[in-house]
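Have a look at the structure below, then the notes.
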Amino acid sequence: MASTHHDEQDVQVHAVVAAEQSLIVEAVCTALGSSGLESDREPWPGVLPSPRGHHAEARHTAGLLVCDLKDWRQIRASGLVLRRRSIPWAVLTSAVPGPAWGAVYDHGARVVLSAQTPLDQVVRTLTTLALNPTASELDEDPEQRQRFQTQWRHLCERRAELSSRARALTPREREVLMLLYEGAMITEIAALLQVSPSTVRSQVKAVRQKLGVTSQLAAVAAYGSLIEPDLGRALVTS
């Protein structure tokens with residue numbers, strides 16, 4: 001059987017780099033170039049393509065997506081990038097290993113790397129992805145990967161359930177919940193809405209029941225997860 005090893009001098013490896021901030025893309029492309037790897041920019045969803053964004057289809061290509069994955073918006077955009085091209089992708093992120101990693105695995109990422117990964121390792125990973133995307137050295141702990149994906153799917157299910165429950169809230173209950181999220185106290189809400197504190201407490205109780213949570217803090221966290229802040233807040237479920 002012929003060897004699957006490729007000498008980097010025999011083929012032209014090319015990378016595409018995607019990030020929300022253009023300065024990050026330029027910095028990453030410069031760093032990759034200093035290590036001998038050619039690269040171009042892959043447009044971020046909603047951002048106009050760069051004039052340098054075209055590359056020869058004949059080149060052996062891999063993608064590098066650089067993203068914090070800190071909220072639902074970034075994860076959705078990352079999914080659009082990862083699914084846009086039929087190339088193997090690596091994701092470089094500062095997100096802690098967990099559901100955010102599971103999200104990009106679900107969206108098609110082949111490898112997820114910590115933001116602290118040394119440049120030479122990133123280059124080696126991209127080169128291997130381009131030349132042999134099924135290489136065994138790219139395979140990480142399958143149980144860990146599965147655990148992250150399971151965490152992500154459970155998070156999505158929880159958010160969908162909360163969204164469905166939130167539709168049962170009355171306009172006044174939504175207003176009270178929003179004010180709680182913004183840090184207002186029960187007495188402050190009562191004064192603002194010109195009702196008694198006991199009325200506000202009753203509304204908070206109704207909110208908890210409709211959202212299926214057991215505390216005011218969890219109700220506020222649930223609201224936060226629906227308006228798309230930090231993913232960590234969305235993990236509060238009771």
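The values are calculated or read from the model by the stated rules, or taken from the named source; none is laboratory data. Here the structure is a predicted model, which is why all the values come from computation and not from measurement. Cβ placement follows ideal geometry from the backbone for every residue including glycine, while neighbour counts extend to all protein chains displayed. What goes into the accessible areas is simple: the full protein's heavy atoms, side chains included, and nothing from ligands, DNA or RNA. Shrake-Rupley method; radii C 1.70, N 1.55, O 1.52, S 1.80 Å.
Summary of values
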{"item": "Top-ranked residue in segment 204-230 [being within 17 Å of Glu157 (Cα to Cα) and of a type in the set (Ser, Thr, Tyr); ranked as surrounded by the most Cβ atoms within 10 Å (Cβ to Cβ)]", "result": "Ser225"}
{"item": "Unique residue being surrounded by 16 or more Cβ atoms within 10 Å (Cβ to Cβ) and among the small types (Gly, Ala, Ser) when the list is Ala130, Ala115", "result": "Ala130"}
{"item": "Helices (runs of 4 or more DSSP H) lying entirely in segment 171-226 (those with 3 or more residues that are closer than 25 Å to Arg73 by Cβ, under 30 Å from the mean Cα position of the chain (by Cα) and among the hydrophobic types (A, V, I, L, M, F, W, C))", "result": "171-181, 216-226"}
{"item": "Where a residue in segment 197-211 is in contact (Cβ under 8 Å) with a residue 40 or more places away in the chain and its partner, wherever it lies, is part of a helix (DSSP H, G or I) and of a type in the set (Lys, Arg), with Cβ under 8 Å and at least six apart", "result": "Lys210/Arg165; Leu211/Arg165"}
{"item": "Segment 134-180, residues that are buried (at least 16 other Cβ atoms within 10 Å of the Cβ), among the aliphatic types (A, V, I, L, M) and more than 30 Å from Val112 (Cα to Cα)", "result": "Ala166, Leu169, Val176, Leu177, Leu179, Leu180"}
{"item": "Contacts under 7 angstrom Cβ, first residue in segment 85-104 being under 22 Å from His154 (Cα atoms), partner open to solvent by 30 Å² or more (accessible area, probe 1.4 Å) and small (Gly, Ala, Ser), 6 or more apart", "result": "Thr93/Ala115; Ser94/Ala115"}
{"item": "Members of segment 183-203 that are more than 20 Å from Ala221 (Cα to Cα), in contact with a Pro (Cβ under 7 Å, 6 or more places away or on another chain) and open to solvent by less than 70 Å² (accessible area, probe 1.4 Å)", "result": "Ala190"}
{"item": "Among the candidates Ser202, Ser196, residue that is out of contact with any helix residue (DSSP H, G or I) (no Cβ under 8 Å at 6 or more places or on another chain) and at pLDDT 95 or above", "result": "Ser202"}
